[in-house]
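> Dropping the structure in here first, questions after.
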Amino acid sequence: MKALATAGVVLIAAAGAALAAGPEPTITPGPFDAPPAFPQNRVQEPAPDLYKSPPPYGAIRLHNWTGFYLGLNGGGALTSIDWHSLPVPAVSGTLKASGGLIGGTAGYNLQTGDAFVAGVEADVDWTSVAGTVSSPSCPSCDFKIPWLATTRLRFGYSINGFLPYVTGGAAIGGLYANLSGAPFGTATSSNLGWTAGAGLEYAITDALRVKLEYLYVNLNGFSCSGPCGGGPISFNPTGSIIRAGLNYKLWN
């Protein structure tokens, strides 16, 4: 009996040693529990954070549009000039005149919030818009718009370095008319009107930008008497401008 008891004790001790030498149980911490103190040689894979939101505006590059800039612009203009001639019989018509334009630009942008951009822009262009009106009082009356300037507000929204915008403000143009080949002089006027349009600007670098822009311009009325054969002939020029521009930001 004593031998059997001794053998039992030996078997129990061997079984305990075998259990102690077996693999440790795998412990998986819950998402809200602190991890246990694992041995130094234990490598634990980090649990994914299911409650972390993605970074905001991951697909939008928020270009900094704030700053003063100078630029060049050029394009073309298609003008519709409604004219009306007196005395009786009154004659009227519409002259279609087109031409190119080129000039300079200056402006300032202020980026508010994350992507909204507000600014002011001014430009002056030299144009080649010209045409000829034929009426009883002025058989060959030349009409020209030698220059055009605008001062406008701009409102846009920046998306991946692109800035679509709307714009509007005042326009002023130089108007010129006379009777071709007659020594009666010329009639000139600097007319104040309005303009509105839209455009798209793209930031090539932080400072260098390119743009494409459309403007509708109304320069109101202009009258020519003696220089147009005694007339009088009234002109009301309106037109559409499409132009491209290159702007460079000087400082914020």
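Please treat every number below as a calculation from the coordinates, not as lab data. Computed from a predicted structure; not experimentally measured. Cβ placement follows ideal geometry from the backbone for every residue including glycine, while neighbour counts extend to all protein chains displayed.
> Just to be sure I understand the model, the point goes 7 Å from the Cα along the line to the Cβ. What's the resulting I204 to S240 distance in nm?
Distance between label points: 2.8 nm.
> Further question on the same structure: Average projected area of the Cα convex hull of segment 68-251, in nm²?
Value for segment 68-251: 10.2 nm².
> Please list, in chain and number order, the residues 5+ apart from K249 or on another chain whose amide H is under 5 Å from its amide H, with Hs placed from the backbone.
HN-HN under 5 Å from K249: L208, R209.
> What is the distance, in nm, between label points placed 7 Å from the Cα along the Cα-to-Cβ direction at L70 and at S225?
Roughly 4.4 nm, to one decimal.
> Oh, and also: Return the long-range amide H neighbours of S135 (sequence gap of 5 or more, or a different chain), with a cut-off of under 5 Å between placed amide H atoms.
Those qualifying (amide H under 5 Å, at least 5 residues apart or on another chain) are S140, C141.
> Ok, one more. Quick check on packing: order 151-159, 135-143 by the mean number of other C-beta atoms within 10 Å, highest mean leading. Numbers along the way, then the final one.
Details: 151-159: 17.7, 135-143: 20.0.
My ranking of the peptides, most packed first, is 135-143, 151-159.
> Same structure again: Please list, in order along segment 203-212, the HN-Hα scalar couplings obtained from phi with the Karplus expression 6.51 cos²θ - 1.76 cosθ + 1.60 (θ = phi - 60°), rounded to whole Hz, x for Gly and Pro.
My calculation for segment 203-212 gives 8, 5, 10, 4, 9, 9, 10, 10, 8, 10 Hz in order.
> Taking θ = phi - 60°, what integer Hz values does the Karplus form 6.51 cos²θ - 1.76 cosθ + 1.60 yield along segment 136-142, in sequence order, with x for Gly and Pro?
x, 7, 9, x, 8, 9, 7
> Here is a further query. Using the Cα centre of segment 68-251 as the reference point, and only Cβ charges (+1 on K/R, -1 on D/E), how large is the resulting charge dipole? Debye, rounded to the nearest 20.
80
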